[in-house]
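No value in this document is a laboratory result; all are computed from the given coordinates. Bear in mind the structure is a predicted one, so any value in this text is a computation, not a measurement. Glycine also receives a Cβ, built like all others from the backbone with ideal geometry; neighbour counts cover every protein chain displayed.
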Amino acid sequence: MRRLTLKVEVVTPVHVWDGYERVYGLDVVAVDGQACVADFERLRPDALRGEPPAGLAEFAERVARWVREGALPCSRRVGMRAQPRVGDAVRLLPPTLVPASSLKGYLRTALLFRLLRRVAEERGSEEAAKLLRGTVNTRGDPRRAGEALENALLRVPRLRRQGGYADAMQSVVVSEPRASGCASSLSKLSVVEASGKAVGELVVEVLEGGSLEYEVLFPEPPPVNLASAGGLEGELKAIAGLLASPSPEELARALEEFGSALLEHEVERLRGARESLAKAGYDVATYLGRLEGLRGGGCAVARLGFATGHASKTLALLVKRLDPELYKEVADAMSRRLGRTWDELTFKLVDVGGAYLGAGWVKVCVQA
C-alpha cells in the first residue's frame, strides 16, 4: 500500500455547494453581525405561542429574536460579507468543506489531461487529434461525450479468468479532509461578462482561508492483461506507462501540468478583460496579482469547486488546442442541451472587501 498526503491551501474563496438551497430570513438569519444557520429541530416549543407572523419579513425578525433569546439554537454561525435580502437563496458549504469526492474528481481530470498530453508529445498532435475524433461522441448525450476517451486512457483488461476491466482510479482512495485554520463567510458571487456587464449573482458561503489535508491511498495494482489490449488501445497503454493504478509520482506530475495550464489560461483571460472589468467597478488587480504569484512555487496550482469554469472540470483546453473543430462541435452540443452558450464568456467573481477574486484557486502541496 502506497500513500501520499495532499495539503490543499486556499488562495481565493472556494465554494462547494452542499446541495440544499436555504432561504435568507427563514433558514439563515442575521444575528449580531453574523449569519445564523437556524436549527429548527431544536426550536423550543413555547416559542410558537402567539399570533403567527404576517409575512416573511416579520417571520425573519421573529426567528432572529428567538435566536437572541435562546429559544432557537444555531447549528453554526458564519461571518457575513454580503447583505442578502429577505427571501434570497443562500448556498452553504458541506460539513467537510471540500469533500473527498470533489478532490478525487479533479485528480481524475488532471490525470486524463496528462495522459492525453503525453499522447500528443510522443505520437504527435495529429495522432492525438485522431484519437479524439475516434473516441469523443458529439451525437449522443454531450455530458457523456468523453467516456470512450476515458476508457482508452484509463482502463485496461483484467486477466482472462477475472474478466472485465480495471480503471486506473478505481482503487485510489481519498480520505475526507482534516481542516486547519479554516474560516468562511457569506459572500456575493457575481457573474460578469468580459465587457463588465453583470449577468447574475448568488449569495454563497465561501471558504476564505486555511488548509485541508487529505490522505490518498494507492493499493497495489490488480493483475491485468496488457497484451490483450490490442490495436490503438494497446499502444496507448504502452505510451501512458500505466497498468491499473497510477503512481503517486504520476498524480503529482498530473497536478502540476493541469494546474499550470489552468493558471496561464485564466491569467490570459484576465489581462484581456481587466480594463473593461475595472471600468464597470470590478477591481481584479488583486486577483491577477495572486494568480501571477502562484507561478514557480513548490506546490501545484488547482481550481476546485463551484463557479470555476469547464476548463477545470474537462479536457477543454487540450481539446481546443489539438482539434478546434471538435471543440466547437462539443461546445455546440452542450449549448443546445443547456439552452445557453457553453463557453468561458464570463468571470465568476467573489467580492472580498471591494477586491474581486475568482472562485476556487488553491495550492496543492504533495507530501510523500
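Determine the equivalent ellipsoid of region 22-83 by diagonalising the alpha-carbon gyration tensor, then write out the semi-axes as square roots of 5 times the eigenvalues, largest first, rounded to whole Å.
19, 14, 9
Any idea how far the Cα center of region 307-366 sits from the one of region 1-66, in Å?
Their Cα centres are 30 Å away from one another.
How big is the dipole moment of region 22-83 about its Cα centre under a simple scheme where the beta carbon of each Lys and Arg is +1, that of each Asp and Glu is -1, and everything else is neutral? Debye, nearest 20, please.
220 debye
Averaging the inverse of every distinct alpha carbon separation and then flipping it gives the Kirkwood radius. What is it for the chain, in angstrom units?
Radius from the Kirkwood sum: 22.8 Å.
Per-residue ellipticity at 222 nm for the chain, helices alone: DSSP H runs ≥ 4 residues times -39500 (n - 2.57), over residue total, nearest 500 deg cm²/dmol?
-11500 deg cm²/dmol
Pick out, from 361, 35, 338, the residue whose Cα sits farthest towards the positive end of the charge dipole of the chain, with +1 on the Cβ of Lys and Arg and -1 on the Cβ of Asp and Glu.
338
Give the cross-link partners of residue 130 among the aspartates and glutamates, using a straight C-alpha distance below 19 Å as the criterion and excluding same-chain residues fewer than 8 apart.
Residue 130 reaches 121, 122, 147, 150, 233, 235, 323, 325, 329.
Starting from one equal scatterer on each C-alpha and no solvent at all, send me the Debye-based log10 I(q)/I(0) for region 248-368 at q = 0.13 Å⁻¹, two decimals.
Reported log10 I(q)/I(0), two decimals: -0.59.
Whole-Hz ³J(HN,Hα) for each residue in region 170-179, computed from phi via Karplus 6.51 cos²θ - 1.76 cosθ + 1.60 with θ = phi - 60°, x for glycine and proline: what do you get?
4, 8, 6, 10, 10, 6, 5, x, 9, 8
Taking a threshold of 22 Å on the Cα-Cα distance, which of the pairs 188/279; 313/363; 197/328; 7/188; 197/279 fall above it? Before the final figure, lay out the partial values.
Numbers: 188/279 19 Å; 313/363 17 Å; 197/328 25 Å; 7/188 27 Å; 197/279 10 Å.
Listed pairs above 22 Å: 197/328; 7/188.
Taking the dipole about the Cα centre of the chain, with the C-beta of Lys and Arg at +1 and of Asp and Glu at -1, give me whichever of 132, 294, 210 is farthest to the positive side.
Of the options given, the answer is 132.
If I model a spin label at residue 267 and residue 313 as a point 7 Å from the Cα along the Cα→Cβ vector, what separation in nanometres do I get?
2.6 nm
Efficiency by 1/(1 + (r/R0)^6): what FRET value for residue 77 and residue 173, r their Cβ-Cβ distance, R0 = 25 Å, to the nearest 0.05?
Efficiency at R0 = 25 Å is approximately 0.15.
Mind giving me the nanometre distance, one decimal, between the label points for residue 40 and residue 56, set 7 Å out from Cα along Cα→Cβ?
1.3 nm
Short version: ³J(HN,Hα) in whole Hz for each residue of region 3-15, in order, from phi by Karplus 6.51 cos²θ - 1.76 cosθ + 1.60 (θ = phi - 60°), x for Gly and Pro, what are they?
For region 3-15, the Karplus curve yields 8, 9, 10, 10, 9, 9, 10, 6, 10, 10, x, 10, 10 Hz.
What residue among 132, 338, 153 shows peak mean-square fluctuation when the chain is described by a Gaussian network model with Cα springs under 10 Å?
Sorting by GNM fluctuation, first place goes to 338.
Quick one: dipole size for the chain, taken about the Cα centre, charges +1 on Lys/Arg Cβ and -1 on Asp/Glu Cβ, in debye to the nearest 20.
440 debye
Provide the per-residue ³J(HN,Hα) series for region 332-346, in order, calculated from phi with Karplus coefficients 6.51, -1.76, 1.60 and θ = phi - 60°, each as a whole number of Hz, with x at glycine and proline positions.
Rounded to whole hertz, the list is 5, 5, 5, 5, 5, 5, 7, x, 8, 5, 9, 5, 8, 9, 10.
Quick one: which residues, 5 or more positions from residue 185 or on another chain, have an amide H under 5 Å from its amide H? H modelled 1.01 Å from N in the peptide plane, none for Pro or chain starts.
The answer is 206, 208.
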